[in-house]
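Scroll down for the structure; my scribbles are underneath it.
The values are calculated or read from the model by the stated rules, or taken from the named source; none is laboratory data. Given the structure is predicted, the values throughout are model-derived calculations rather than measurements. Heads up, the Cβs are rebuilt from the backbone with ideal geometry, glycines too, and the neighbour counts pull from every protein chain shown.
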Amino acid sequence: MAIDQDRVAKIAQAYTAAWNSGSPAAVAEFYAQDGRIVINRGEPWQGRARVAEMAAGFFADVPDLALVCDAVRCAGDHVAYFWTFTGTHSATGKPLRVSGWEEWDLDADLKVKSSRGWFDADDYARQTQGD
């Protein structure tokens, strides 16, 4: 299945808005019922409920999280979604600016079947400590 760039751009725009809503359920709705995300080769978050837990964790750590879609690319049913978020770390009060990307495989309903997310965890840790 191939999807066009305009359709992918609309999905990316809506996904960005879901993150900016602060609603874990809104983020999870972009995933297939059995969809999953793996961040930085960590343990997978499988199913919408677990994806919502993952998003809730980010919202707890960065309650004023503001996400921007930097770019989006597609090839067949594979999408690369590049992002930057800013906000304030809840535990330390330090400002954050973190960039990364997700690689999505979409199903026939254009829901995320599998996502592999990436960001520089060492840089994130440095920023939370203010170094």
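Looking at G117, is it part of a strand (DSSP E or B) and in contact with an Asp or Glu (Cβ under 6 Å, 6 or more places away or on another chain)? Show your work before the answer.
Values: part of a strand (DSSP E or B): yes; in contact with an Asp or Glu (Cβ under 6 Å, 6 or more places away or on another chain): yes.
Spelling it out, G117 is indeed part of a strand (DSSP E or B) and in contact with an Asp or Glu (Cβ under 6 Å, 6 or more places away or on another chain).
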### Message
List the residue pairs whose Cβ atoms are under 6 Å apart, where the first residue sits in region 1-22 and is buried (at least 18 other Cβ atoms within 10 Å of the Cβ) and at pLDDT below 95, the second is not in a loop (DSSP other than H, G, I, E, B) and not small (G, A, S), and the two are 6 or more positions apart or on different chains.
### Response
V8/V72; V8/C74; V8/V79
### Message
Can you find a residue that is more than 20 Å from Q13 (Cα to Cα), part of a loop (DSSP other than H, G, I, E, B), in contact with a strand residue (DSSP E or B) (Cβ under 7 Å, 6 or more places away or on another chain) and not hydrophobic (A, V, I, L, M, F, W, C) anywhere in region 44-67?
### Response
yes
### Task
Working only within region 68-94, note down all residues that are of a type in the set (D, E, K, R) and either modelled with pLDDT of 95 or more or in a strand (DSSP E or B) (or both).
D70, R73, K94
### Query
Hey, among the residues in region 30-51 that are of a type in the set (F, W, Y) and closer than 17 Å to A18 by Cα, which one's surrounded by the fewest Cβ atoms within 10 Å (Cβ to Cβ)?
F30
### Task
Check whether at least one residue in region 103-112 is within 16 Å of R7 (Cα to Cα), touching a Gly at 6+ places or on another chain (Cβ under 7 Å) and among the β-branched types (V, I, T), and report yes or no.
yes
